[in-house]
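Down below is the structure, laid out as structure tokens.
The values are calculated or read from the model by the stated rules, or taken from the named source; none is laboratory data. A quick note: this is a predicted structure, and the numbers were derived from the prediction, not measured. Side chains are part of the model used for accessible areas, which takes the heavy atoms of the whole protein and leaves out ligands, DNA and RNA. Shrake-Rupley method; radii C 1.70, N 1.55, O 1.52, S 1.80 Å.
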Amino acid sequence: MSFGHAGTIVEGKEDTAARRFARLADAGITVAEEISEIPDIMKSKLPPHRAAPPAAGVTVPEWVRGGSR
């Protein structure tokens, strides 16, 4: 066993990227094959965004709350 780029465990010459991806998937880890997939993967993993109510005593202009200026 040896360690490759960034400490990745490499199991000899037969250890291909496809096999490493498969092991990660078996462990429940999502791997992006293309960097462009990362935003959508992150959105699917994060809970939906909800705006927090303003803190007590803080006034929020109407236009910030979705009204007109």
For this session: Look through the range 1-22, keep the residues that are open to solvent by 100 Å² or more (accessible area, probe 1.4 Å) and of a type outside the set (A, V, I, L, M), and return whichever of them is modelled with the lowest pLDDT.
Result: Phe3
Seminar exercise, completed: From the option list Ala51, Ala55, Ala32, single residue qualifying as open to solvent by less than 80 Å² (accessible area, probe 1.4 Å) and over 14 Å from the mean Cα position of the chain (by Cα) is Ala55
